[in-house]
Structures are given as C-alpha cells and as structure tokens.
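Working notes, beginning with the structure itself.
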Amino acid sequence: MQKKIEEIRKSQGKLLVKNVKYSWDNIPYYKQKMKEAGLKPEDIKGLEDIHKLPFLSKADLRYHYPYGLIATPLDNVVRFHSSSGTTGIPTVVPYTKRDIELWAELNKRCLETVGATHKDIVQVSYGYGLFTGGLGLHYGAERLGAAVIPTSSGNTMRQIKILKDMKTTTLACTPSYALMLSEVIKSNEMKVDELSLKRGVFGAEPWSENMRKRIEKGLGLEAFDIYGLTELCGPGVGIECSEHNGLHTWSDHFIVETIDKDGNKTDVDGEGKGELVFTTLQREAMPVLRYRTKDLSWITWEECACGLLHPRIGRITGRSDDMLIVRGVNVFPSQIEEVLMELKGVGDHYQIIVDRDILDKLMIKVEVTNEIFSDSISELISLEKEIKKRLFEMLSLSVDVELVEPGQIPRPEGKAKRVIDLRKDM
Amino acid sequence: MVEQISVFIDNRPGRLAELCNIIGKNGVDIRALQLVEAGEFGLVRMITDNNEKATKLLKDAGMSFRKGEVLGVLMDDRPGSMGLIASILSEASINIEYAYAFITKIEKKAILILKVSDLKKSIDVLKSSGVSILENI
C-alpha cells in the first residue's frame, strides 16, 4: 500500500513539474511571481519542491479580472463560471473543452464513489448558471449515463412533486436546501417511503453531523458531503465515500497541502492540519498553483476502508478569514459594513447574526442613532427597507434588518463583536 | 404648539419601564404618552412638564430621541368634539399624521395632540373656528 501511495505522489510530482512550466510559459503574472520568489521552472523537480512556489490568493484572481490569468488563447475557452456573492470584482474562471470534460469526469467519479450508476435518476437542484453547482453535477451525472433532471434551485413544491413522481434516486443540492425539502415534505404529511431516494450529494456550504442525521431521516437517503471551489473548477474536487470519514480528493487532478496562518507548510508527506491549499494538475485555461482556500481542515493519506487511495480531507471546520457562507453565498462582513457606511448615520454600531432555522438566516442589527432617528414610524420602516434593499443588491441574499436602541449591541472591551454565527452546533 | 419628545425603544419587556424610570425618578412628570410599536422596535411620544430636563436625562442615558412641535388642542369632553376638529382640518386639506387624546384635570375638558402636515395653517383654521390651541399642557 505504502508503495502505491509513493507512486501516486511521484506522478503528482511529474504533473506538477509540467504544470509549473506550462504556467511559467503561458501566464505572465505567474512568471513574474516566480521570478520575484527567485524561482525558475527547473527549480521545481518534484512534489518535494512545491513549498518553494508562491501562493495564489483570491485577491490575485480578482486583480486580474476578467482575462488576466488565462493561459490559453481566448478562442480555446468554451465556458466561464464565476464565484457567487462577491461584490465589485467577481472571480471569473475559464474552461477549455478539455477542462469541461475533465470536470465532468471528476463529478462522474464523485457520483460513482457514492454508489450511483447509469441506472440512477439524478435530480440536480443546485442553481444552474454562473454558479458551478448545477452544471458541474449535471455534466458528471450525464457522463455517468444516469438520467438527469435539471430542476435547478427553487420552486420547492415542484421539486417535491418531481422527487416523488419521477422516482428520483439521487439528489444533488446544498445541505440546507435538502433540509428544507425534508421539512416541507413533513409538513405536507407525505411519508418518506413515497420517495425513491437512495443518496444525496450535498455541498457548497459547511454542514455538520447533526444536520446529516436530520437530512438522512427526513429524506430517507444516505447523505454525502461534496467539496469544491469555483477557483479549482467547482464541485467535484472531493467526495465522501461510504465510510463518511473525510472526503477523497482526486490525486491525479489536485495536490492538496495544509498551511498555518503565517503560510508555513504544516503537512508532512501529505499529512497535516490547517488551511487547505490546492494546486491543479490538469487544468488548461486557468491552472492554479498553491491556491489558498482559507478553508480549515486536515488531510491524510491513511488507508481508507473503501479502498480508494486518493487522500482525504476532513469536513471543513472553519475559515482562516472572516468569510461567511450563507445559503451557499460567500459573504464578507466588510461587504455589509460597506453598505451600512454608505447610509448617513448608520454603520458605527451594527452586528451580523447568522442562524439556521431550516435555511440559513442572515440578520443585521443596526443601532438607531440620534442622527437617523425620526419621529415617523414610516421613515424608520423605510430605512429598514432601504438597508435590506442595498444589502440584497450587494449580496444577492435577502437579509433581515433590525433597528435597535443605541448601546444594545455589546461592546466587549470597547470593541463590538461584529459577527455571531449561531450555526456552529447545528 | 406643544413640545413633544419622541424616543426610539426596542420592543421588548422592560424597556418602557426603564424609560419611564429614567424620567420619573428624576422628578419630571410625564403629562401625556403614546407608545407605538412597529415590529422589532417601538416609539414613545411624550409630553413632560420639564422637557429640557427630560431630554438631558435621555441624552445621559444614551438614548435616541428627537424633540418636535405638535399641535395641542383643548376640546370639550363630549361625543363628537374630536370629529369636529378632524373635519375642520380635513376641509382645509390638512393631513393628520397621528393623534392621541387624554382627559385633563379641568372638568369636562380633554386634550387632543395632533401631528399635522401643516402646523401653521392648522392653527389658523382651528382658531378661526373658535378652537382653543394650547401652548403647554
């Protein structure tokens, strides 16, 4: 076994060397970054040299919006996706025809790993569009030869009717939407055995074991965590096997490392804890070298009972930055602050509260200062509405806004605790 | 014209008590009060016998408030008098944004507090109809 793993890591090294050369030759910014680090492509001889490479961050990708990091002529690009919920400058990710095919292959593998075959009926209730979830699973399921029902997200009653009438066996959506489906099924006095579901592939937001139990019971299926990032391709980077003890990441497509908050590599021979860092090995349109995900987890090459030799990452336990994932949308507290600061008299004291009822809820408490307070209820209500509207425009998420008295938001040690995430124990 | 203080408060148990105690324990008498709720928050409108002191107390307590002018009308405490006043204003195309009324120590008299769209015009039309306008209550 150990020998096999060594072989895999060796071939990862070979792909890395190739990819570094490819990136140097085709992406001027990568070349510049490597030069600044005193590196030439020949300095990367194998996996053991990966630590020499500079990191790539989300800021790098945004800085080069939209086409700055594309390694191929634009003619060869057949698709773009973009990350959700970001403001101003989004992260645009290009795909060549081959990138699309390989991405479909990764999702096919994920579906196979959870036991799906060409005989299955796969309902894709992830959003279709710029978001990678819908099309990623769609192509994977089609490549598997399964029958795909591309419902996309929303319209819950229709989703349930299709689940029931068309005897869907495999459901793909966000975990919170799966939970919502199960709650609606329950409240409509439908029974789980009216459904034919066997398994669900749930991702794009963090979820817990408790939530897994609730979804599994509510929908009568086995729930699997799927991992992915737009910057790496989308869903399909990692998948849980039936052991439910970590997510296998495809070693022929990605190198995964862990680092500490100062950027020091914490994994030794591929085993470690910290922020996950990914390097793609086969992407053409936009390879990424040492992309910092800000997701905190662990990695291991330890033998898995399922027999797959691909290394596992743990479920994401947190973030190394302050980004929140709310209903699959990336939300930075700074975006909310920006909206509040634009409004006169608002913004000094606010609090962001995230909770999960069935779906995630984002609530902003704003202190009403003397400056914005008026004697008119309707003016206060329109202020609330205005804040909601602007936040929606910024985040594409509906947000609850609550006006509170001055001094009601706690200021421990004189500084307000801006974000309270109550979903931790869900 | 009467001076009124509006205070923003959270809509939760105890807040009105706390507000009233800030005022009352410092010897300021609340002559009239209206509490309005709008979901998560509420609004208290009040007229005190010492608005200067009351606003200082509110300021010290760190509350959000605003002073404003409203119309105070002395009317007979009998059926139909409030309707009469509203009709006079309506005929002059003046809109009443809100109003609250209470009875007084003066026998058979009640006081009506009005927030109107045009304060000066209201005073004129009411005075010319023989309605008594109050300067304080």
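For the range B:46-91, the candidate set comprises residues that are touching a residue at least 60 places away in the same chain (Cβ under 8 Å) and within 11 Å of chain A (Cβ to nearest Cβ); within that set, the residue that is farthest from B:SER117 (Cα to Cα) is B:PHE65. Of all residues in the range A:159-214, those that are part of a loop (DSSP other than H, G, I, E, B) and either buried (at least 19 other Cβ atoms within 10 Å of the Cβ) or hydroxyl-bearing (Ser, Thr, Tyr) (or both) total 11. Does A:MET341 count as away from chain B (no Cβ under 14 Å), closer than 30 Å to A:HIS253 by Cα and either open to solvent by 70 Å² or more (accessible area, probe 1.4 Å) or not β-branched (Val, Ile, Thr) (or both)? So A:MET341 does not fit the description; no. Only one entry of A:GLY145, A:GLY115, A:GLY154, A:GLY136 meets the criterion of being at positive phi and touching a residue at least 60 places away in the same chain (Cβ under 8 Å), and that entry is A:GLY115. Tallying residues that are in contact with a helix residue (DSSP H, G or I) (Cβ under 8 Å, 6 or more places away or on another chain) and not in a helix (DSSP H, G or I) within the range A:95-119 yields 5. Consider A:MET190 carefully, then state whether it is in the same structural domain as A:ALA141 (by TED's automatic domain parsing), more than 14 Å from the chain's Cα centre (by Cα) and closer than 17 Å to A:ILE316 by Cα. It is false that A:MET190 is in the same structural domain as A:ALA141 (by TED's automatic domain parsing), more than 14 Å from the chain's Cα centre (by Cα) and closer than 17 Å to A:ILE316 by Cα. Taking A:ARG356 as the residue in question, decide whether it is in contact with a helix residue (DSSP H, G or I) (Cβ under 9 Å, 6 or more places away or on another chain), more than 12 Å from every other protein chain (Cβ to nearest Cβ), open to solvent by less than 30 Å² (accessible area, probe 1.4 Å) and of a type in the set (Lys, Arg). When the stated conditions are applied, A:ARG356 passes them. Only one of the listed residues (A:LYS21, A:LYS119) is more than 30 Å from A:VAL148 (Cα to Cα) and surrounded by fewer than 21 Cβ atoms within 10 Å (Cβ to Cβ). That residue is A:LYS21. Taking (1) more than 8 Å from every other protein chain (Cβ to nearest Cβ); (2) in contact (Cβ under 8 Å) with a residue 24 or more places away in the chain; (3) under 30 Å from B:VAL125 (Cα atoms) in turn, B:LEU43 satisfies each apart from (1).
Looking only at the range A:232-268, residues that are open to solvent by less than 10 Å² (accessible area, probe 1.4 Å) and under 12 Å from A:THR293 (Cα atoms) come to 4 in all.
What tally of residues in the range A:373-385 results from selecting those that are crowded, with 16+ Cβ neighbours inside 10 Å and more than 8 Å from chain B (Cβ to nearest Cβ)? Of the residues in the range A:373-385, 2 are crowded, with 16+ Cβ neighbours inside 10 Å and more than 8 Å from chain B (Cβ to nearest Cβ). Cβ-Cβ distances below 9 Å connect the following pairs, each with a first residue in the range B:1-24 that is more than 10 Å from chain A (Cβ to nearest Cβ), a second residue that is basic (Lys, Arg) and surrounded by fewer than 21 Cβ atoms within 10 Å (Cβ to Cβ), and a separation of six or more residues or different chains: B:GLU3/B:LYS67; B:ILE23/B:LYS53. When each of A:ASP99, A:ASP75 is tested for being acidic (Asp, Glu) and either over 22 Å from A:ALA172 (Cα atoms) or outside the structural domain of A:THR230 (by TED's automatic domain parsing) (or both), the lone residue that passes is A:ASP75.
The values are calculated or read from the model by the stated rules, or taken from the named source; none is laboratory data. Remember, predicted model here, so these are calculated numbers, not experimental data. As a convention, Cβ positions derive from the backbone with ideal geometry for all residues, glycine included, and neighbour counts pool all protein chains shown. In case anyone asks, the SASA skips ligands and DNA or RNA and just uses the protein heavy atoms, side chains included. Shrake-Rupley method; radii C 1.70, N 1.55, O 1.52, S 1.80 Å.
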